[in-house]
Structure formats: C-alpha cells, structure tokens
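Report on the structure given below.
Laboratory data are not the source of any read-out in this text; all were calculated from the coordinates shown. In this text, all values refer to a predicted model and were calculated from it rather than measured experimentally. No Cβ is skipped: glycine too gets one built from the backbone with ideal geometry, and neighbour counts run over all protein chains shown.
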Amino acid sequence: MKNFIFYLSTILIWGSTWIGIKLQLGVVDPMVSVGLRFALAAILLLLWCRLKNLNLKFSRNDHLYIGLQGTFLFCLNYLLFYLAELQLTSGLAAVVFSTILLMNVINGRIFLGNPLDMRVIVGGILGLSGIVLVFKSEITSFSLDSQTFKAVLFCILATYLASIGNILSARNQNHKLPIVQTNGLGMAYGALLMLGTALVTGKDFTIEPTLIYLGSLCYLAVFGSIIAFGCYLALVGNIGPDRAAYATLLFPIVALIISTIWEDYRWTQAAIGGVVLILCGNLLMLKREKKQPHTIVQNKCLNRAESAI
C-alpha cells in the first residue's frame, strides 16, 4: 500500500509540473529559475531535518556521491528541460522523458548489475508506443528545423542525465544514506551549481513578481521537488529504478487530463488506443517475474557500482 501511495503521488504531482515549468518560462532566465526552485526546496528540506534532529553529518565520500546525485538529478537535467520547453510543447517533452524507463533498465544493468527482465522491456515498449499514439498529432507535426531538433536533443540528454541520477540515488540508498537528508543536500548542491554558474556567466537575476511565476515556483519547489522526489526515490530504493521509472509513462496522461479540463483537449481514437497500450504495458510490468530480490542483487554489486559511476 505504501508503494502504491508513493507511485500515485509521483504520477499526479509530476504529471502537473510540466505546466508549472511552462509558467516559469518567459521573463526569468531558465538557469536562475532552476537554481531558485531547488534552493527553496533545499532550504525547506534542511530546515525540516534540523527541526526533526535528523543526522546531517556524512563522510567526504558520501558528500561526493550526494553532490553527484544533486548534479544529475536536481540540476543539469532540469536546465536542459527548461531550455527545451522554450521550443517544444510540454507534452512532447514528456514523451521524450518517458524513455527514462529503458534508460534505467540499461543503466541499472551496467552500473548495478541488475538482471534484465524481458517483461520490463516489453512493457516499456508498449507504454512508449501508447504515448506516441496519445501525442500523435504533436509528433506528426514535428519539424526538423535547427531549434526544434536541438530541443529534442536537449530532452534526450536531460532524460539520460536523470537516469544516471536515479542510479546514483539507488547507490546512495544501498549505502544506507537517508532519502530526506540526501535529497536536501543534493538539491542544495544542485542549486549552488546552477546559481553559481548563472552568476559567473552574467545571467540576469531579475525575478518576475507575479502570482503565476511565484506560485509556480513554490509549487515546483514544494510539491514537484520535495514531495514528489521523496516519493519517487523511495520507490527507486524499494522496487528498483526500472520499475519506479515506469511511473513516468503516465505523466503525459495526467497532463492530457488537465488539458481536457482546462484547455479543451479533444480526445481522438489514437489517444484512446494509446491509453489502452499504456495500461497493458503497466499490467505487464507489474506482473514481472521476481528472479531475485532487488536489494540482494544490488548488495552483490555495490563495489562494482561505486567504482563504475
């Protein structure tokens, strides 16, 4: 039941954050917006750790891996997605991000030694095929002009960086690093890297003082960063990065429902067929064969993961 709640919360929150990212674009530089988002999230998380007297003392090696997790999961990948959504619709960006499932399976095999499960792969392919159908009109109208092509490459690279971040989180959890403290420190490192780079490169730090910008910033920081990341990374530790990432296949569906209510989205036969494929892939994924417990497989490969990453 706990994993189901984590799973549902991740889908609903992150499914709505794509709109939040769109609301951040326009006046404020994307690098500054990403830095502010995770700076706010880090401050709130670390204050919570202090109030609860949670341990924040870690070794230099632990800080190294926490910093790497923050760089890949709370920094570079988000900057690339913010930049990509200047050219792409949020739905198409979500479609590309859904490939994180297969990336996690491959990276989990390379870095953690996880066994490849054909049901996971087939289920992922079904889900991705369904998302292609759901966003058929956007994909068919896709243009290979230079700016759009660059945006797609940004999405692909951002997704791969996020997958590496997932693997790093799995590694950190297997080294008994607590999720809340690791997220708080990781977000702080990511925010410092973003804001520091923005300062060095001369970005404008002017903040848009509107309810839309500030409201979306708070929503992305508190719900999209703190709550959703906490739920998602708990899933990574509990059920593995490949199965946890399957939640990303449902993000565009949540975005579609929001568009249906607020933007008068028109459902097509292709969209309905796509939803069916996604549900079938989900069912196949949940019925995967359990050859070995996930934690046992990871514990056998800790030394390999630490030296390889």
| Of Tyr265, Tyr78, Tyr189, which has the largest mean-square fluctuation in a 10 Å C-alpha GNM of the chain? | Tyr265
| query | If you place +1 on the Cβ of every Lys and Arg and -1 on the Cβ of every Asp and Glu, how big does the dipole about the Cα centre of the range 107-186 come out, in debye to the nearest 20? | reply | 260
| query | Within the set Lys150/Lys176; Lys150/Lys203; Lys22/Lys57; Lys2/Lys52; Lys22/Lys203; Lys57/Lys203, which residue pairs have Cα atoms separated by over 27 Å? | reply | Lys150/Lys176; Lys22/Lys57; Lys57/Lys203
| said: If I build a Gaussian network model for the chain, linking alpha-carbon pairs within less than 10 angstrom, which residue out of Lys203, Lys150, Lys52 has the largest mean-square fluctuation? | reply: Lys52
| request: Report the equivalent ellipsoid semi-axes for the chain in whole Å, largest first, defined as the square roots of five times the eigenvalues of the gyration tensor built from alpha carbon atoms. | output: 28, 27, 17
| message | Give me the extension gain from Trp48 to Asn61: residue separation times 0.36 nm, minus the current Cα-Cα distance, reported in nm with one decimal. | response | 2.3 nm
| Label-point gap, in nm, between Lys150 and Ile110 - each point 7 angstrom along Cα→Cβ | 2.6
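Rounded to two decimals, what is Rg over Rh for the range 150-213 when you use alpha-carbon atoms and the Kirkwood radius? If you can, show how the numbers build up before the last one.
Values: Rg = 15.7 Å, Rh = 14.5 Å.
Taking Rh as the inverse mean 1/r over Cα pairs, Rg/Rh reads 1.08.
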| query | For the modelled label position 7 Å from the Cα of Thr201 along Cα-to-Cβ, which residues of the range 23-53 have backbone nitrogen atoms closer than 14 Å? | reply | 29-36
| query | Applying 1/(1 + (r/R0)^6) with R0 = 45 Å to the Cβ-Cβ distance of Ser141 and Ile239, what FRET efficiency is obtained, to the nearest 0.05? | reply | 0.80
